[in-house]
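Trainee: Below are the structure tokens for one structure; questions will follow.
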Amino acid sequence: MLDKLNEIEKAALESLSAVNDEAALEAWRVANIGRSSAVMNVFSQMGGLSKEERPLVGQRANQVKLAIENAFAERAELVKSAALARSLEQDQLDITLPGRPVRRGGLHPATMTLRRILDILAEMGFQVYTSRDVETDEMNFQALNFPPHHPAREMQDSFYIETEGREENPLLLRTHTSPGQVRAMREFSAANPENPPSIRIALPGMCYRYEQITARSEVQFYQVEGLAVGENITYGDLKGMLADFARRMFGPQAKIRFRASYFPFTEPSAEVDVECFVCGGKGCAVCKNSGWLEILGCGMVHPTVLQNGGYDPRRYTGFAFGMGPQRQTMLLHRMNDIRYFWGNDVRFLEQF
């Protein structure tokens, strides 16, 4: 059997030296390394050998198989290089032909609106603060004045993550960027608990909610949260800031209105509408004939939230607001389906 293996190796390597093209190389591979090759047949005959012969033959068979495979790999490289050299020498190349155009990508429409919002907020003195996507129930709800079993939690269906030992404070994908408010306040107040500094930050990020996907709702979406905390901050400061933001975002003629609303982490709370920039407030299909378009929610930071963040609500006040870049993109470009953002349809994306 050992002599037979030596003959197999010798014959395979000698025949390989005569192979000069890819078709012959493939035929050689099937004949010498394939399932029905001579060296593979040796492996199938191992069961009939004695206990003393089996390890010797098995070791030699593996050596022969490895030698043949290595020789095949080296020959394949030579054949490939030779084929390329022949192609370059024989084939004609017209160097006057124009090159193939490079297809350039671009920013996603939601990213463009997100950057525009952050640029405006930066001009107004807000610094970008990023927070984690995976949050605890405490930070996502409890620290924001959502006690356990509070009915307001039904406003935000959540993706919870199964983790052992965290039944009292489970993990979930954040349903809003508001947990970043508490994290930012705790981070700023940790350095000087007795006299924490003022805050003016913008918190962009992705949010996740277990909702039915429709033309108006998605399971994931961008949000930009704004937070300002300091001494003597009033509701008038919030209104003035948002009016200025609307003019910078939608044009100097933009008008806004405040409607009373409810958010557990702000009191008082409001939703903000901008006068429809399509019809000028006269009423159209975009604004559903109301003359107004909803752009964000806002309010004064609830004293409980300030206290959870390490700020004394008897001394400090603040305001917060949250907006969706995708919704504003839909309003600016008169889009009627939020699913376009995640469809990856090039025909849609190329329009931006």
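The values are calculated or read from the model by the stated rules, or taken from the named source; none is laboratory data. For clarity, every value in this text was computed on a predicted model and none was experimentally measured. Glycine gets a Cβ as well: all are built from the backbone with ideal geometry, and neighbour counts include every protein chain shown.
Trainee: Test Ala71 against the criterion of being surrounded by 10 or more Cβ atoms within 10 Å (Cβ to Cβ), within 25 Å of Gly34 (Cα to Cα), touching a helix residue (DSSP H, G or I) at 6+ places or on another chain (Cβ under 9 Å) and not hydroxyl-bearing (Ser, Thr, Tyr), and give yes or no. Can you show your working first?
Mentor: Values: surrounded by 10 or more Cβ atoms within 10 Å (Cβ to Cβ): yes; within 25 Å of Gly34 (Cα to Cα): yes; touching a helix residue (DSSP H, G or I) at 6+ places or on another chain (Cβ under 9 Å): yes; not hydroxyl-bearing (Ser, Thr, Tyr): yes.
Against the criterion (surrounded by 10 or more Cβ atoms within 10 Å (Cβ to Cβ), within 25 Å of Gly34 (Cα to Cα), touching a helix residue (DSSP H, G or I) at 6+ places or on another chain (Cβ under 9 Å) and not hydroxyl-bearing (Ser, Thr, Tyr)), Ala71 qualifies.
Trainee: For the list (1) in contact with a helix residue (DSSP H, G or I) (Cβ under 8 Å, 6 or more places away or on another chain); (2) under 27 Å from Pro151 (Cα atoms), I need the number of the one condition that Arg248 fails.
Mentor: (2)
Trainee: Now, a different point. So, in the stretch 233-252, exactly how many residues are more than 16 Å from Gly125 (Cβ to Cβ), touching a residue at least 24 places away in the same chain (Cβ under 8 Å) and assigned to a loop (DSSP other than H, G, I, E, B)?
Mentor: Residues that pass the stated criteria total 2.
Trainee: Go through the stretch 306-336 and give me each residue that's among the hydroxyl-bearing types (Ser, Thr, Tyr) and not in a strand (DSSP E or B).
Mentor: Residues of the stretch 306-336 that are among the hydroxyl-bearing types (Ser, Thr, Tyr), as a first pass: 311, 316-317, 329.
Of everything in the stretch 306-336, those that are among the hydroxyl-bearing types (Ser, Thr, Tyr) and not in a strand (DSSP E or B) turn out to be Tyr311, Tyr316, Thr329.
Trainee: Can you report the number of residues in the stretch 258-305 which are β-branched (Val, Ile, Thr) and part of a helix (DSSP H, G or I)?
Mentor: We begin by selecting, within the stretch 258-305, every residue β-branched (Val, Ile, Thr); these are 266, 272, 274, 278, 286, 295, 301, 304-305.
Then drop every residue that is not part of a helix (DSSP H, G or I), which leaves 304-305.
Residues flagged as β-branched (Val, Ile, Thr) and part of a helix (DSSP H, G or I) within the stretch 258-305 amount to 2.
Trainee: It is to be established whether one or more residues within the stretch 140-156 are modelled with pLDDT under 95, surrounded by 12 or more Cβ atoms within 10 Å (Cβ to Cβ) and of a type in the set (Lys, Arg).
Mentor: The answer is yes; a qualifying residue exists.
Trainee: Is it the case that Ile199 is loosely packed, with under 15 Cβ neighbours inside 10 Å and of a type in the set (Val, Ile, Thr)? Let's see the steps before the verdict.
Mentor: Numbers: loosely packed, with under 15 Cβ neighbours inside 10 Å: no; of a type in the set (Val, Ile, Thr): yes.
So Ile199 does not fit the description; no.
Trainee: Restricting attention to the stretch 227-239, does a residue exist that is farther than 26 Å from Thr177 by Cα, in the same structural domain as Gly324 (by TED's automatic domain parsing) and out of contact with any His (no Cβ under 6 Å at 6 or more places or on another chain)?
Mentor: no
Trainee: Same structure again: For residues that are under 14 Å from Glu9 (Cβ atoms) and outside any helix (DSSP H, G or I), tally how many sit in the stretch 35-71.
Mentor: Final tally of qualifying residues: 1.
Trainee: Those residues that are surrounded by fewer than 11 Cβ atoms within 10 Å (Cβ to Cβ) and over 51 Å from the mean Cα position of the chain (by Cα), I need them from the stretch 15-54; list them, please. Before the answer, list the steps.
Mentor: So in the stretch 15-54, the residues surrounded by fewer than 11 Cβ atoms within 10 Å (Cβ to Cβ) come out as 17-18, 23, 35-36, 44, 47-48, 50-52.
Scanning the stretch 15-54 gives Ser17, Ala18, Ser44, Gly47, Gly48, Ser50, Lys51, Glu52.
Trainee: Please give the strands (runs of 3 or more DSSP E) falling wholly within the stretch 98-196 in which 1 or more residues are over 19 Å from the mean Cα position of the chain (by Cα), within 30 Å of Arg334 (Cα to Cα) and without any contact (Cβ under 8 Å) to a residue 12 or more places away in the chain.
Mentor: No strands (runs of 3 or more DSSP E) qualify here.
Trainee: Ok, one more. Determine whether the stretch 303-319 contains at least one residue that is hydrophobic (A, V, I, L, M, F, W, C), closer than 19 Å to Pro109 by Cβ, within 33 Å of the chain's Cα centre (by Cα) and surrounded by 14 or more Cβ atoms within 10 Å (Cβ to Cβ).
Mentor: From the stretch 303-319, those hydrophobic (A, V, I, L, M, F, W, C) are 305-306, 319; that's our starting set.
If we keep only those that are closer than 19 Å to Pro109 by Cβ too, we end up with none.
Checked against the condition, which is being hydrophobic (A, V, I, L, M, F, W, C), closer than 19 Å to Pro109 by Cβ, within 33 Å of the chain's Cα centre (by Cα) and surrounded by 14 or more Cβ atoms within 10 Å (Cβ to Cβ), the stretch 303-319 yields no hits at all.
Trainee: Do we have Ala12 as surrounded by 13 or more Cβ atoms within 10 Å (Cβ to Cβ), more than 50 Å from the chain's Cα centre (by Cα), within 16 Å of Ala71 (Cβ to Cβ) and touching a residue at least 40 places away in the same chain (Cβ under 8 Å) here?
Mentor: yes
Trainee: In the stretch 285-302, which residue that is closer than 12 Å to Leu331 by Cβ and in contact with a strand residue (DSSP E or B) (Cβ under 6 Å, 6 or more places away or on another chain) is surrounded by the fewest Cβ atoms within 10 Å (Cβ to Cβ)?
Mentor: Glu294
Trainee: Being under 17 Å from Phe141 (Cα atoms), surrounded by fewer than 20 Cβ atoms within 10 Å (Cβ to Cβ) and in contact with a His (Cβ under 7 Å, 6 or more places away or on another chain) narrows it down to one residue among Glu168, Glu267; which is it? Before you say what the answer is, go through the steps one by one.
Mentor: Values: Glu168 fails: in contact with a His (Cβ under 7 Å, 6 or more places away or on another chain).
Just one listed residue meets the conditions, Glu267.
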